[in-house]
Amino acid sequence: MSYLVNGHEITVNFPVDSISVNKSSIAFTDSQGKNRQTFSKRTEALKFMKWLLSSSK
């Protein structure tokens, strides 16, 4: 699945095994391995984390 933020597409290959949050960065491990995304605003990072959690069900 893909997540679109500010014209950039983030591809996530579910299932997501782990999620880690640090200020405006989200690190997660999906079926393809480890990934890290840094956002310009913390609110954007939190929205992405919420999407990760809701989409992985």
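Could you list all residues from the stretch 12-26 that are over 16 Å from Ser2 (Cα atoms) and without any contact (Cβ under 8 Å) to a residue 24 or more places away in the chain?
Here is the first cut: in the stretch 12-26, the residues over 16 Å from Ser2 (Cα atoms) are 17-25.
Of everything in the stretch 12-26, those that are over 16 Å from Ser2 (Cα atoms) and without any contact (Cβ under 8 Å) to a residue 24 or more places away in the chain turn out to be Asp17, Ser18, Ser20, Asn22, Lys23, Ser24, Ser25.
Please enumerate the residues belonging to the stretch 5-25 that are part of a loop (DSSP other than H, G, I, E, B) and open to solvent by 60 Å² or more (accessible area, probe 1.4 Å).
Residues of the stretch 5-25 that are part of a loop (DSSP other than H, G, I, E, B), as a first pass: 6-7, 12-17, 23-24.
Hits for the stretch 5-25 are Asn6, Gly7, Pro15, Asp17, Lys23.
Between a first residue in the stretch 34-54 that is closer than 18 Å to Asp17 by Cα and a second residue that is open to solvent by 90 Å² or more (accessible area, probe 1.4 Å) and of a type in the set (S, T, N, Q), which pairs have beta carbons less than 6 Å apart while being 6 or more apart in sequence or on different chains?
none
Do we have Phe28 as within 9 Å of the chain's Cα centre (by Cα) and not β-branched (Val, Ile, Thr) here?
Values: within 9 Å of the chain's Cα centre (by Cα): yes; not β-branched (Val, Ile, Thr): yes.
Spelling it out, Phe28 is indeed within 9 Å of the chain's Cα centre (by Cα) and not β-branched (Val, Ile, Thr).
Every residue in the stretch 26-57 that is part of a loop (DSSP other than H, G, I, E, B) and open to solvent by less than 80 Å² (accessible area, probe 1.4 Å), please. Give the derivation first.
Going through the stretch 26-57, the residues part of a loop (DSSP other than H, G, I, E, B) turn out to be 31-32, 39-41, 56-57.
Hits for the stretch 26-57 are Ser31, Phe39, Ser56.
The values are calculated or read from the model by the stated rules, or taken from the named source; none is laboratory data. Note that this is a predicted model, so its numbers are computed, not measured. When we count neighbours, we look across all protein chains shown, and the Cβ atoms used for this are built from the backbone with ideal geometry, even at glycine. When the accessible area is computed, the model is the full protein with side chains, heavy atoms only, and any ligands, DNA or RNA have been set aside. Shrake-Rupley method; radii C 1.70, N 1.55, O 1.52, S 1.80 Å.
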